[in-house]
Amino acid sequence: MIPLAKSNKIVPEPLFLNEGEVHIWYVGLDCSGLLLQQLTQTLSSDELARAIRFRFNKDKNRYIAARGFLRDILSHYLHTSAVEISFIYNPQGKPTLQDKQVNQNLMFNVSHSHGIALYAVTRKKNIGIDIEQIRNDLEYDKIATRFYSQQEISTLHSLPEHLKARAFYNCWTRKEAYLKARGEGLMTPLKQFAVSLAPGEPAVILNCQWDSNEPSHWSLHELDLGHEYVATLAVEGNPTNITCKPWSL
C-alpha cells in the first residue's frame with residue numbers, strides 16, 4: 001500500500017520525473033474565492049463553457065479547481081505556464097497532452113470524489129487512477145451482482161460483514177483505474193475481468209477473458225488515504241518508484 005506523505009512545504013518548481021517513476025498528488029477541491037479565481041484564469045474556453053453547464057455552484061467550483069490544479073501540476077513538469085497547456089480527448093473523454101513528444105511523453109490521469117482529487121503522472125506508460133469515498137448506505141450485494149465477476153462476488157460474500165464495504169470499493173476502484181489506464185472508461189463490461197478485493201491482500205488483476213496474458217502487462221497499487229476513502233493506481237508495467245504527496249499551489 002502506498003502511503004500519503006505528510007508535507008507542509010511548497011511544491012518545488014520545476015518538477016522532474018524519471019522514466020519508471022510515478023508521482024501522485026493529493027488536492028482538496030473546496031478552495032477559497034481568491035484561489036478559485038486564480039485557477040479559473042488558467043482554464044481554456046471549452047473548460048469554462050463546461051463549468052457554466054453545472055447546475056450547482058459547488059459542483060462547478062470543484063470542476064474549475066480540478067482542471068486548474070491539473071494545469072498547475074503539469075506546468076511544473078513541462079516548465080511552461082498553465083495557460084499554454086493543451087489537451088486532446090479520446091472517444092471516451094480521457095485527456096492527454098496534445099503533443100506527447102514535445103511534452104516529454106508525459107502521461108497522466110485524474111480522479112476526484114467528494115472534494116478530494118488525485119493526480120497521477122508518469123512518462124511513456126499508460127496510467128489510470130480512481131478514488132471513491134466509502135458509503136455505507138449502498139446495497140453492495142445488488143451492485144456487485146450486476147457488475148462484478150462471479151469470482152469477485154464469491155470473494156465478497158465470503159468476507160466478514162465489517163470488511164465488505166472496503167472490499168466492494170477495492171474492487172470498484174481497481175477495475176475503474178485499470179480501464180481508465182487502457183483509455184476505455186467503463187466501456188468494457190466489468191464482468192469480463194477480475195481483480196483482488198479482500199482488504200489486506202495485494203492489489204492485482206487476476207484474469208481477463210479476452211487475453212490471458214493481459215494481467216502481466218499491468219500493476220495495481222492501493223493508496224492509503226485513510227478510512228474514508230479507497231483509491232487505486234493502475235500503470236502499465238512495474239514502476240520503479242511511486243510517491244503520493246499533497247499539492248500546494
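Quick one: in the range 232-249, of everything that is of a type outside the set (F, W, Y), in contact with a Phe, Trp or Tyr (Cβ under 9 Å, 6 or more places away or on another chain) and surrounded by 17 or more Cβ atoms within 10 Å (Cβ to Cβ), which residue is nearest to G28 (Cα to Cα)?
Among them, the one singled out is C244.
Is it the case that some residue within the range 105-128 is of a type in the set (D, E, K, R) and surrounded by 21 or more Cβ atoms within 10 Å (Cβ to Cβ)?
Scanning the range 105-128 turns up no residue that is of a type in the set (D, E, K, R) and surrounded by 21 or more Cβ atoms within 10 Å (Cβ to Cβ).
Are there strands (runs of 3 or more DSSP E) fully within the range 97-196 with at least 2 residues that are of a type in the set (D, E, K, R)? List them.
127-133
Any idea how many residues of the range 171-198 are within 16 Å of Y148 (Cβ to Cβ) and surrounded by 15 or more Cβ atoms within 10 Å (Cβ to Cβ)?
So the first thing to find is which residues in the range 171-198 are within 16 Å of Y148 (Cβ to Cβ), and the list is 171-179, 186, 188-198.
Cutting the leftovers down to surrounded by 15 or more Cβ atoms within 10 Å (Cβ to Cβ) gives us 171-179, 188, 190-191, 193-198.
Within the range 171-198, residues that are within 16 Å of Y148 (Cβ to Cβ) and surrounded by 15 or more Cβ atoms within 10 Å (Cβ to Cβ) number 18.
Being closer than 27 Å to E228 by Cα, small (G, A, S) and over 20 Å from the mean Cα position of the chain (by Cα) narrows it down to one of S149, S45, S111, so name that one.
None of the other options fit; the residue is S149.
Taking the criterion of being modelled with pLDDT of 95 or more and not hydrophobic (A, V, I, L, M, F, W, C), would at least one residue in the range 133-143 satisfy it?
There is at least one residue in the range 133-143 that is modelled with pLDDT of 95 or more and not hydrophobic (A, V, I, L, M, F, W, C).
What number of residues within the range 203-231 are surrounded by 17 or more Cβ atoms within 10 Å (Cβ to Cβ) and under 20 Å from the mean Cα position of the chain (by Cα)?
Number of matching residues: 13.
Of the residues G93, G20, which is closer than 25 Å to A177 by Cα, outside the structural domain of A231 (by TED's automatic domain parsing), exposed (fewer than 12 other Cβ atoms within 10 Å of the Cβ) and in contact (Cβ under 8 Å) with a residue 60 or more places away in the chain?
G93
Determine whether N170 is under 17 Å from the mean Cα position of the chain (by Cα), outside the structural domain of F69 (by TED's automatic domain parsing) and either at positive phi or of a type in the set (S, T, N, Q) (or both).
yes
Mind listing just one residue for me: the one in the range 208-224 that is part of a strand (DSSP E or B) and of a type in the set (D, E, K, R) and, of those, modelled with the highest pLDDT?
E222
What residue, among those in the range 40-65 that are charged (D, E, K, R) and not in a helix (DSSP H, G or I), is nearest to S86 (Cα to Cα)?
Going through the qualifying residues, I end up with R53.
The values are calculated or read from the model by the stated rules, or taken from the named source; none is laboratory data. For clarity, every value in this text was computed on a predicted model and none was experimentally measured. Because the Cβ atoms are built from the backbone with ideal geometry, glycine has one as well, and the counts that use them run over all protein chains shown.
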